[in-house]
Amino acid sequence: MKRPLCLLLAALLLVPPLAGCEKARSSVNVPVLMYHHLDDAGGTDTVLSVDGFRAQMELLRTHGYTPVSLDALTAYVDGDGDLPGRPVCITFDDGYMSTYSLAWPILRQFGYPAAVFVIGVSVGKDTYKDGDQAIIPHFGTAEMAEMVSSGTVTVQSHTYDMHQWGPYEHSETPRTSMLPLPGETEAAYAAAVAADLAQEAAALGAGGVESVWALAFPLGRHTALTDQVLKDLGVRLTLTTDADRVNTVTRGDPDSLYGLGRLNMTDRLTEQAILAYLSR
């Protein structure tokens, strides 16, 4: 007895797909969290309390968010594997000793991967460059190598020396970000970026980093020329400080890894504000 066409269609719609035939998502929204320094007190735009950091990591777990590595993002774009339903990236800027001594132990407790973007000229320093102006201590190559060898911490670039602090610089035009200097030609700017990246590769290489392929823009600033120069130099992924951007990472689209936005994490952020950012 023949079954009516409508019944056949209904039956087909009720049949689950065969194992392994599920269609992989072609794009995923990936929020990125940005941290700097941790201490006991916290309370500023760039200093978070240790208790606050631990509570934010617990918040991710409670609400089903899965921290993923930068390698997982690039692999996804390359068509290798998938990402979890609620992915998130945890990042740290500057390379402070507190990232190693305070944040990393907590990350290990939760089993979370993270990325650290290091200012190369400040590796192992507690004074500004070769001067005597005190700065927050930065971890050295030994600490860097320990984190890198763990396989859970990705160490990449925050530039070698394009995040200068104007009051401590002798130059009249300090390079506080990766923006071209006033009057700088495109060729001179491209050469400066290439030289800085080469110095950064050497500085990070001493700590076990095999190559520089990701970069967090100092102050979040860049231009179309910056992007092109970095792409030509083999940088695959860049991050800004734009909390308004929704990061849609797309298979087969390497440009979707450029200019990823991040939410600056502070003790003042409420759980509701964090969850609102994560759920966009």
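The values are calculated or read from the model by the stated rules, or taken from the named source; none is laboratory data. No experiment lies behind these values; they were computed from the predicted model shown. Ideal geometry is used to build each Cβ from the backbone, glycine not excepted, and the neighbour counts take in all protein chains shown.
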Of the conditions (1) without any contact (Cβ under 8 Å) to a residue 60 or more places away in the chain; (2) in contact with a Lys or Arg (Cβ under 8 Å, 6 or more places away or on another chain), ALA214 clears all except one; give me its number.
(1)
Every residue in segment 186-240 that is of a type in the set (Ser, Thr, Tyr), buried (at least 19 other Cβ atoms within 10 Å of the Cβ) and over 28 Å from GLY151 (Cβ atoms), please.
THR226
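Every residue, every condition in (1) touching an Asp or Glu at 6+ places or on another chain (Cβ under 9 Å); (2) at negative phi; (3) surrounded by fewer than 22 Cβ atoms within 10 Å (Cβ to Cβ); (4) modelled with pLDDT of 95 or more, yes or no:
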position: GLY81; (1), (2), (3), (4): no, no, yes, no
position: ILE90; (1), (2), (3), (4): no, yes, no, yes
position: PHE110; (1), (2), (3), (4): yes, yes, yes, yes
position: PRO113; (1), (2), (3), (4): yes, yes, yes, yes
position: ILE119; (1), (2), (3), (4): yes, yes, no, yes
position: ILE136; (1), (2), (3), (4): yes, yes, yes, yes
position: SER157; (1), (2), (3), (4): yes, yes, no, yes
Output for segment 85-101, where each listed residue is within 10 Å of the chain's Cα centre (by Cα) and polar (S, T, N, Q):
THR91
Looking only at segment 235-269, how many residues end up being out of contact with any helix residue (DSSP H, G or I) (no Cβ under 9 Å at 6 or more places or on another chain) and in a loop (DSSP other than H, G, I, E, B)?
4
Would you mind finding the one in LEU215, LEU233, LEU263 that is within 17 Å of the chain's Cα centre (by Cα) and within 24 Å of PRO180 (Cβ to Cβ)?
LEU215
Consider THR141 carefully, then state whether it is touching an Asp or Glu at 6+ places or on another chain (Cβ under 9 Å), surrounded by 16 or more Cβ atoms within 10 Å (Cβ to Cβ), closer than 21 Å to LEU70 by Cβ and among the β-branched types (Val, Ile, Thr).
no
Residues of segment 206-230 being farther than 19 Å from CYS89 by Cα and part of a helix (DSSP H, G or I), which ones?
ALA224, LEU225, THR226, ASP227, GLN228, VAL229, LEU230
Just the residues that are crowded, with 18+ Cβ neighbours inside 10 Å and hydroxyl-bearing (Ser, Thr, Tyr), please, taken from segment 159-173.
THR159, TYR160
Go through segment 57-159 and tell me which helices (runs of 4 or more DSSP H), entirely inside it, have 2 or more residues that are in contact with a Gly (Cβ under 8 Å, 6 or more places away or on another chain) and among the small types (Gly, Ala, Ser).
70-77, 141-150
Filter result for ALA203 (part of a loop (DSSP other than H, G, I, E, B), at pLDDT 95 or above, in contact with a strand residue (DSSP E or B) (Cβ under 8 Å, 6 or more places away or on another chain) and of a type outside the set (S, T, N, Q)):
no
I'd like the residue in segment 160-194 that is outside any helix (DSSP H, G or I) and small (Gly, Ala, Ser) and, out of all such residues, is farthest from THR127 (Cα to Cα).
GLY183
Those residues that are of a type outside the set (Phe, Trp, Tyr) and out of contact with any helix residue (DSSP H, G or I) (no Cβ under 6 Å at 6 or more places or on another chain), I need them from segment 89-102; list them, please.
CYS89, ILE90, THR91, ASP93, ASP94, GLY95, MET97, SER98, THR99, SER101
If THR226 satisfies every condition in (1) within 26 Å of GLY81 (Cα to Cα); (2) of a type outside the set (Lys, Arg); (3) over 16 Å from the mean Cα position of the chain (by Cα) but one, which is the exception?
(1)
